[in-house]
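Here is the structure we will look at, set down as structure tokens.
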Amino acid sequence: MKDQQHQPRDLDGNAVTPGLPMAMLAEVTHRCPLACPYCSNPVELTRAAQELTADDWGRVFRQAADLGVLQVHISGGEPGARRDLAQIVAHARDAGLYVNLITSGIGITRDRLEELDRAGVDHVQLSLQGIRPDMADRISGHPGSWDKKMHFADWVKDIGFPLTINAVVHRQNLERLPEMIELAETLGARRIEVATVQFHGWADLNRKALMPTREQAAFARQVVNDARVRLRGRMVIDYVPADHHAVFPKACMGGWGSTGLNVGPDGTVLPCHAAQTITWMRFENVRDRDLGDIWQNSDSFNAFRGTAWMPEPCQSCDRKTVDFGGCRCQAMALAGDARATDPVCSLSPLHPQVVARAEADAGADTADLIYRRMRKGD
Ligand code: SF4
Ligand code: FES
């Protein structure tokens, strides 16, 4: 099936052929024992009854491998909430994919982790919400989470999985970033992903409590730069900066429909995790259509490929093939228009308003959090 509305083109009118995706994020469930207020899951969470079965996932993984995907990040929610997680992992392994398990570490026992090892998990990515029990338990909304995570990290080490620590940073924990990096070292991580909170999904409800200050953004940049020098050859630091305080936006997803795709718990295929905030866009589902066809031909994936869709000032800007006009979901959230230049860009006409709002949110006198919760009956 070929959709015709959005044939990607460059500024000279030449057709643009989509590249191949390297990685797929498989959000196998939205269920999660934690309640992190910065969760990027949609505010309307998918119910368990709507989730794809393990066999459905097997079909999706085979289609992904045929398309050229090399690695799958199995995530959620908390993937451990799926009792059939080992079966899902085995399907991914059978499809020849490198399997990265992204987990909170809560609800996966040592026996289960060993089972997941046998099933084919190659790498574990563990999220941390703080560097002490009180901070971690408060941010995650889950008393006792810290102790469970530390046990889990020990098992990861014992079994011999390579480990990445995933640390979301925001106004309430950014001062402790140096200790977070030290903790990752202590836990034997080979990589730490320091991601400043992105204000999509639940995080957007918590802007006033989580928006970093400009000073914190500068501090984090310096801490990361120093740590990269100190840890060269021992631990990799991936860093997603606080772009509300930056000059140019990030190249979100490496460009829309360019290197990766997400499949949600119910089989909805998204160009990025927050794409459903673009309310006018229609998304395809693996229950109805082959993944490769969705990637190559669907309107949702083609909408922001190439450069012809870009507005000014992006069209005349040298950075249009560097940051691809920034993040489409951020443009939707801040400009009310997914086709706009990302308003965090200093060249956007909306930039002064965005900076003023970010400064106001960063200065808000509140630490109160709205926790991510499933509705009753989910
Ligand atoms: Fe990127 Fe567009 Fe800003 Fe240029 S004007 S830096 S392409 S967002
Ligand atoms: Fe959707 Fe950036 S989060 S394009």
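The values are calculated or read from the model by the stated rules, or taken from the named source; none is laboratory data. What you see is a predicted model; the values in this text were computed from it and never measured. When we count neighbours, we look across all protein chains shown, and the Cβ atoms used for this are built from the backbone with ideal geometry, even at glycine. When the accessible area is computed, the model is the full protein with side chains, heavy atoms only, and any ligands, DNA or RNA have been set aside. Shrake-Rupley method; radii C 1.70, N 1.55, O 1.52, S 1.80 Å.
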Please determine whether any residue of the range 61-69 is outside any strand (DSSP E or B), touching an Asp or Glu at 6+ places or on another chain (Cβ under 7 Å) and of a type in the set (Lys, Arg). no
Being within 27 Å of residue 59 (Cβ to Cβ), in contact with a Leu (Cβ under 7 Å, 6 or more places away or on another chain) and either away from ligand 1 (no atom under 15 Å from the Cβ) or assigned to a loop (DSSP other than H, G, I, E, B) (or both) is the requirement here; does residue 283 meet it? yes
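From the list 16, 72, 99, which residue is hydrophobic (A, V, I, L, M, F, W, C), touching a residue at least 12 places away in the same chain (Cβ under 8 Å) and closer than 30 Å to residue 316 by Cα?
Numbers: 72 fails: closer than 30 Å to residue 316 by Cα; 99 fails: closer than 30 Å to residue 316 by Cα.
Checking each option against the conditions leaves just 16.
Would you mind finding the one in 299, 323 that is within 16 Å of ligand 2 (Cβ to nearest atom), at pLDDT 90 or above and over 15 Å from residue 243 (Cα atoms)? Reasoning before the result, please.
Working: 323 fails: over 15 Å from residue 243 (Cα atoms).
Testing whether each residue is within 16 Å of ligand 2 (Cβ to nearest atom), at pLDDT 90 or above and over 15 Å from residue 243 (Cα atoms) leaves just 299.
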Could you look through the range 310-361, keep only residues that are open to solvent by 50 Å² or more (accessible area, probe 1.4 Å), basic (Lys, Arg) and over 22 Å from the mean Cα position of the chain (by Cα), and pick out the one that is farthest from residue 277 (Cα to Cα)? 319
For the range 53-69, how many residues are touching a residue at least 60 places away in the same chain (Cβ under 8 Å) and either surrounded by fewer than 18 Cβ atoms within 10 Å (Cβ to Cβ) or more than 20 Å from the chain's Cα centre (by Cα) (or both)? 5
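Check 293, 266 and return the single one that is in a helix (DSSP H, G or I) and either modelled with pLDDT under 95 or among the acidic types (Asp, Glu) (or both).
Details: 266 fails: in a helix (DSSP H, G or I).
293 is the lone residue from the list that is in a helix (DSSP H, G or I) and either modelled with pLDDT under 95 or among the acidic types (Asp, Glu) (or both).
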Taking the range 119-141 and keeping only residues that are over 26 Å from residue 38 (Cβ atoms) and in contact with a helix residue (DSSP H, G or I) (Cβ under 8 Å, 6 or more places away or on another chain), one is left with 119, 120
